[in-house]
Amino acid sequence: MRKLLLTLMVVLVALVAFSQIVLTVAAGAVGQELELTKQAAEAYMSIHPDITVKVLDTPDMVQDRLGLYLQFLEAKSPEIDVYQVDVIWPGDLAQHFIDFYEYNADKVVSMHFPAIVENNTVDGKLVAIPWFTDAGLLYYRTDLLEKYGLKPPTTWDELENAAKIIQEGERKTNPDFWGFVWQGNAYEGLTCDALEWLASNDAGTIISPDKKITIANANAIEILEKVAGWIGTISPSGVLTFAEEDARAVWQTGNAAFMRNWPYCYSLSKGPDSNVAGKFDVSPLPAGKSGNGAATLGGWQLSVSKYSKNPKEAADLALFMAGYEIQKLRAVEGSMNPTIQALYADYEVIKANPFFGSLFDVFINAVARPSTATAPRYNEVSTLFFKAVHRILSGTSDAQNVLEELALDLQDITGFEIVWGF
């Protein structure tokens, strides 16, 4: 009898193991992203003991992550079930993803910002569920502004002046101090920064929503030449190799007066290992001649692969991770902006991130990159753009010549009309 019971137990364990579903989520690791995604996976597994969720760490650089994704998707690989997808990718990658409307998303989609839902909808199919949104912000040292009798800058000229004054003063005791750090490497982050400069200076958005190439204009030259003048003066020469975490490293050690970055840096800057904790705040990015600052729309979604062996369970996992409680956790712990509108009235969320309320308009009015107009060739468009901007900032090429060449290159790959504005 005992032998029979043991045999039955072995068979039962084997059956349980055999029935165990394994889902893999490809996630980011910038700031606290990876840790918080793993927490969400643990929470899901606690209520679904028959499912194991694995979290795959992917590259920080957007182009590198997209390249990795394409290897899996173009091979129709079932190895990854859920992908963390940039806001600019739904149009380019839609063919590889399920339609969430076939998996009960209609019951929850109204909670999310309509503009992001629209961004993630391709040919009537919801190919990505919103997870968190983003917009560029200006971080500034409140203690140093007070020390030097300055106010938070509202224009690029004011920022330049304040950065010079603070940098000169601080370098008397700290030779490593810089006025302003941002994302200057030749990658998607530079597209985001540069789009903010352009839009704030009434220089358009590279390609307009009605598919006109607008980059070749005098206001674009003006603002890009201004930024080029920051290199080696208020910004380190090395900023041309900086991504988000490089800028944060300089800022968080206390070696910068101002930083352009995303909301995720807020909670990290308040942390116990931060030299700027209690000494900073955030504001909208400065304005150029348009009179208004501009913030590039960022953010990430969750998509389920058509090649998943378990699309129903993967969709359920994605909807759980993009739900109220997990978005709240990510907002409170990681300063990641929710896409669920009700969370902006949640006491704990606003207490952890006061700027979510005061800068709400920044997030809902952020400037979109031309990913919809140029799909499915946005990645090529952006690559041409950030490489051209990098050449200008590096001082290796004349701005007007570079933008004329860029406009022609963009026309070659899109077929769109060029609107010359010199």
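Here is a yes/no grid of residues against (1) on the phi < 0 side of the Ramachandran plot; (2) touching a strand residue (DSSP E or B) at 6+ places or on another chain (Cβ under 9 Å); (3) aromatic (Phe, Trp, Tyr):
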residue: Ser267; (1), (2), (3): yes, no, no
residue: Asp273; (1), (2), (3): yes, no, no
residue: Phe280; (1), (2), (3): yes, yes, yes
residue: Glu325; (1), (2), (3): yes, no, no
residue: Ser335; (1), (2), (3): no, no, no
residue: Lys351; (1), (2), (3): yes, no, no
residue: Pro376; (1), (2), (3): yes, no, no
Exercise. Name the helices (runs of 4 or more DSSP H) wholly within segment 256-374 that hold at least 2 residues that are open to solvent by 30 Å² or more (accessible area, probe 1.4 Å) and small (Gly, Ala, Ser)?
Worked result: 355-358
Problem set entry | Total residues in segment 60-77, condition in a loop (DSSP other than H, G, I, E, B) and either more than 22 Å from Phe132 (Cβ to Cβ) or in contact with a Leu (Cβ under 8 Å, 6 or more places away or on another chain) (or both) | 3
Exercise. So how many residues does segment 149-162 have that are among the acidic types (Asp, Glu) and either touching a helix residue (DSSP H, G or I) at 6+ places or on another chain (Cβ under 7 Å) or buried (at least 18 other Cβ atoms within 10 Å of the Cβ) (or both)?
Worked result: 1
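In segment 40-55, how many residues are surrounded by fewer than 17 Cβ atoms within 10 Å (Cβ to Cβ) and either outside any strand (DSSP E or B) or among the aliphatic types (A, V, I, L, M) (or both)? Don't jump to the end; show me each part of the working.
Going residue by residue through segment 40-55, those that are surrounded by fewer than 17 Cβ atoms within 10 Å (Cβ to Cβ) are 42-43, 45-50, 52, 54.
Those left that are additionally either outside any strand (DSSP E or B) or among the aliphatic types (A, V, I, L, M) (or both): 42-43, 45-50.
Looking only at that region, the number is 8.
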Exercise. What's the number of the condition Ile165 fails, among (1) under 30 Å from Tyr307 (Cβ atoms); (2) free of Cβ contacts under 8 Å to residues at least 24 places away in the same chain?
Worked result: (1)
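Mind checking which helices (runs of 4 or more DSSP H) fall wholly inside segment 78-148 and carry at least 3 residues that are of a type in the set (Phe, Trp, Tyr) and open to solvent by less than 10 Å² (accessible area, probe 1.4 Å)?
On the way: elements: 90-93, 114-119, 142-147.
It comes to none.
Within segment 247-292, can you find the residues that are of a type in the set (Asp, Glu) and in contact (Cβ under 8 Å) with a residue 40 or more places away in the chain?
Looking only at segment 247-292, we keep the residues that are of a type in the set (Asp, Glu), and these are 273, 281.
If the condition is that a residue be of a type in the set (Asp, Glu) and in contact (Cβ under 8 Å) with a residue 40 or more places away in the chain, then Asp281 is the only one that fits.
Is it the case, given these coordinates, that Ala228 is among the small types (Gly, Ala, Ser), open to solvent by less than 20 Å² (accessible area, probe 1.4 Å) and more than 18 Å from the chain's Cα centre (by Cα)? Walk me through it before giving the result.
Working: among the small types (Gly, Ala, Ser): yes; open to solvent by less than 20 Å² (accessible area, probe 1.4 Å): no; more than 18 Å from the chain's Cα centre (by Cα): yes.
Answer is no for this residue.
The values are calculated or read from the model by the stated rules, or taken from the named source; none is laboratory data. It should be emphasised that the depicted structure is a prediction, and the values quoted were computed from it without experimental measurement. Neighbour counts run over all protein chains shown; Cβ positions are idealised from the backbone, glycine included. Surface areas here come from the heavy atoms of the whole protein model, side chains and all, with no ligands, DNA or RNA. Shrake-Rupley method; radii C 1.70, N 1.55, O 1.52, S 1.80 Å.
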